[in-house]
Amino acid sequence: MPDLRDSHRNLVDLPKDERLARRRHSAAHVLAEAMVELMPEAELGIGPPIESGFYYDFRLPRALTNDDLKWLDERMRRSVKGRHRFEMSELTRAEAEARYAKQPFKLEMLAEIEDGNITQCTHAAFSDLCRGGHVGHTGELGAFKLMSIAGAYWRGSEKNPMLQRVYGALFESKDELAAHEQQLEDARRRDHRKIGRDLKLFDLVDDVGPGHVMWLPAGATIRRELERWIEDLEIDHGYQHVITPVVAKRELYVRSGHWDHYQEAMYPVMERDGEEYVLRPMNCPHHILIYESEQHSYREMPLRIAELGNMHRWEKSGQVSGMSRVRIMTLNDAHIFCAGTDQVAQEVEGVLRLMEEAYGVLGLKDYTYRLSLGDRDDKEKYVDNPPMWEAGEALLRKVLQDVGLDFLEATGEAAFYGPKIDVQFKTASGKEETLVTVQVDFHLPAQFKLEYIAEDGGRAQPIIVHRGVISTMERMVALLIEEYEGNFPLWLCPTQAVVIPIADRHIPYAQEVAAKLKGHRLRVEVDARGERMNAKIRDAQLRKVPYMLVVGDREAENQAAAVRVRGGGDLGALPVAEIVEKLRSERDQRLLVP
Ligand SMILES: [Zn+2]
Ligand SMILES: [Zn+2]
């Protein structure tokens, strides 16, 4: 039985979360009221509270404009001034069907109410089907602002009609609302999709398909530097890099269990000559086959097999976004085949240290480790083997403590077959995402009946540690774009220096300077366009090139260049040999700040 007096409670007595939810929910009613006034034919969908405010979905006779948004916002403020009470009332099914006869989405929802408790909320002259959870009156909404219009399928399904969604932000105070707007503004400025376009790093082309990234020369340069660096770093840490095909027979993924658990996320099967092939969604089975291809003894373990592995996952089209959610990706992947749990502990520790080293080089600080645990009560989702879970979780917890890393624990976030450590990052828009995981796996070795010759001469089953370090190239480059706002450290910069001749007669000397830098594999360009020097400097700044080398008569005479630094510094004239040394050292040490 819903509480018909729900809005009559004293707002200040409620916890902040509940208060905010009520304000946001109530604001959605007021938005719908305004919309019905703007367009009486509006068909109302749903309007729930969300993390930063609220939205409402409508089917409308025409597309909304920004002017409409302004009008609606002002109309809502009129309703606020009216201090209209939110009143709940009960309806019989017949009453409700009559009342909402012109509202097909409401009728659909009505048909799904099985318990017979049909209630609506009325404020001013507007009513909406609702289960309650309001503030007392429209004067208590808080600080709000209508933010944007987007398309959304009714109930999130592509089979349903496309509706127009109006988003509003709502907080308790004007300061909180302003802080939220500032955060959105920062996120827009840092958005990897925007910077990726501005700096011509990557492209997404309709003919190629959503989630299929085209790396342009500048973006491909960044990726190539990252790949060379991480491969070398892993080789230093005892990994063996392999290269395996992106295709396998479907049978392999049946054996691994992915076909049963993961089919939805795979591209469809390809058939040729009576065989079925799939694009791989994961690299594990290929690496397992490499392990299987030879007999192994405890002496050669742990065996660390790594690959920049290309994978294909059929992400739902609504979830594909920029480079952070794609369908074809290259993962900095590895599988470590361990003899016994002591070795697993050692290897997980090694992986964590490698991560710390790599993130240090990249200058990433805003991440946390999460120990993702199983849930003993959830026997549907997780393998029912409590001792295995206890042992695995204790092992990972101890390693995290031994390495001295801060971490959170989260129940119900594990893989179905075992616990894992997740590295959690915040994206520019403030969303928390898992960048990579370290997983201890007893399941696939059993599935594939893997073995090695143990110290006592008998046969034993290895344990696999699955791990990434810098995630997929797509996700990592997206993250770095947002982290640096496009101001990459020198070693990753697509263009590391631009030589700017002051007048046309300085072009030959500019080319001479560029050739000296190129001789040391520095990526340098000469800006020989007929623009003024200041315009060329501004362009280089916009392209976020770290060094601008301006050359005129005096510089040519002294085998020098006047060095400007991205962001505004001016180092004055330096001999070219010194500039080469400076840039080389900055690049080779992978320094973060020029
Ligand atoms: Zn309501
Ligand atoms: Zn794996």
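The values are calculated or read from the model by the stated rules, or taken from the named source; none is laboratory data. Just so it is clear, the structure is predicted and the values come from calculations on it, not from any experiment. Reconstructed Cβ throughout: ideal geometry from the backbone, glycine too, with neighbour counts over all protein chains shown. Please note that ligands, DNA and RNA were not included when accessible areas were found on the heavy atoms of the full protein model with its side chains. Shrake-Rupley method; radii C 1.70, N 1.55, O 1.52, S 1.80 Å.
Worth pointing out:
- Sites Ser321 and Asp402, calculated FRET efficiency, Cβ-Cβ separation with R0 41 Å, nearest 0.05: 0.65
- Spin-label pair Arg99/Thr411, simplified geometry with 7 Å Cα→Cβ offset, distance in nm: 4.1
- Tensor-based shape of the range 131-217 (alpha-carbon gyration tensor, a/c under 1.5 rounded, otherwise prolate or oblate): oblate
- Between Ala143 and Ser297, the simple label model (points 7 Å from Cα in the Cβ direction) yields a spacing of 7.2 nm.
- Shown for the chain: cysteine residues without a partner Cβ closer than 4.7 Å, namely Cys284, Cys338, Cys493.
- Close amide H pairs (under 5 Å, H built 1.01 Å from N) link Val436 with Val423, residues at least 5 positions away or on another chain.
- Near Ala125, once Lys and Arg are set to +1 and Asp and Glu to -1 for all other residues with Cβ below 15 Å from its Cβ, the sum equals +1.
- Computed extension length for Leu14-Met270: 86.4 nm, one decimal, from 0.36 nm per residue of separation with the Cα-Cα distance subtracted.
- Length gained on full extension, Glu578 to Leu542: 10.4 nm, using 0.36 nm per residue less the C-alpha separation.
- Rounded to whole numbers, the Karplus 3J(HN,Hα) couplings from phi for the range 407-416 are 8, 9, 10, 9, 6, x, 10, 6, 6, 5 Hz, using 6.51 cos²θ - 1.76 cosθ + 1.60 with θ = phi - 60°, and x at Gly and Pro.
- Model label zone, Glu37; criterion: amide N under 20 Å from point 7 Å along Cα-to-beta-carbon; scope the range 90-134: 121-129
- Where only DSSP H runs of four or more residues are counted, the chain gives -11500 deg cm²/dmol as its mean residue ellipticity at 222 nm, each run worth -39500 (n - 2.57).
- Shape call, the range 222-381: gyration tensor on alpha carbons, a/c limit 1.5: rounded
- Note on the chain: dipole from Cβ charges, positive end direction compared against Met355, Leu226, Ala394; the farthest Cα belongs to Leu226.
- Estimated at 0.36 nm per residue, the fully extended path between Arg77 and Leu592 surpasses their Cα-Cα distance by 180.6 nm.
- Overall, the accessible surface of the chain at a probe of 1.4 angstrom is composed of carbon and sulfur to the extent of 48 percent.
- Nitroxide proxy distance, nm - points 7 Å out along Cα→Cβ at Glu390 and Arg131: 3.9
- Candidate lysines for bridging to Lys81, where Cα separation is under 26 Å - those fewer than 8 sequence places away on the same chain excluded: Lys16, Lys70, Lys145, Lys174
- Area accessible to solvent at Val12, 1.4 Å probe radius, in Å²: 110
- Straight-distance candidates among the lysines for linking to Lys516, with alpha-carbon spacing under 19 Å and chain neighbours fewer than 8 residues away dropped: Lys582.
- Of Ile453, Ile288, the order by accessible heavy-atom surface (1.4 Å probe, DNA, RNA and ligands excluded), from most exposed downward, is Ile453, Ile288.
- Coil-residue trypsin sites (Lys or Arg not before Pro) of the range 449-548, DSSP, other Cβ within 10 Å capped at 11: Lys449, Arg521, Arg529, Arg532
- Residues whose placed amide H lies under 5 Å from that of Leu163, excluding near-sequence neighbours: Ala152, Tyr153, Trp154
- Calculated accessible area for the chain comes out at 49 Å² per residue, all protein chains present (probe 1.4 Å; ligands, DNA, RNA ignored).
- Farthest toward positive dipole pole in the chain [+1 Lys/Arg, -1 Asp/Glu at C-beta], among Pro104, Leu177, Gln295: Leu177
- Phi to ³J(HN,Hα) by Karplus 6.51 cos²θ - 1.76 cosθ + 1.60 over the range 269-274, Hz, x for Gly, Pro: 5, 9, 10, 8, 6, x
- Residues of the range 455-475 with an amide N closer than 18 Å to a point placed 7 Å from the Cα of Gln240 along the Cα-to-Cβ direction: 462-467.
- Computing FRET efficiency as 1/(1 + (r/R0)^6) for Glu357 and Glu231, where r is the C-beta to C-beta distance and R0 is 22 Å, gives about 0.95.
- Derived scalar couplings ³J(HN,Hα) [the range 188-201; Karplus, 6.51 cos²θ - 1.76 cosθ + 1.60; whole Hz; x for Gly, Pro]: 5, 5, 8, 3, 5, 5, 5, 5, x, 6, 4, 8, 6, 8
- Nearest-0.05 FRET efficiency for Thr434 and Asn66, computed from C-beta distance (R0 45 Å): 0.80
- Remark: the Cα gyration tensor places the chain in the oblate category, a/c being 1.5 or greater and a/b not exceeding b/c.
- Normalised contact order of the range 387-493, rounded percent, pairs of Cα under 8 Å and 6 or more residues apart: 18
- Which listed pairs, of Lys365/Lys449; Lys249/Lys316; Lys194/Lys365; Lys102/Lys159; Lys159/Lys379, have C-alpha distances above 29 Å, in listed order: Lys365/Lys449; Lys159/Lys379
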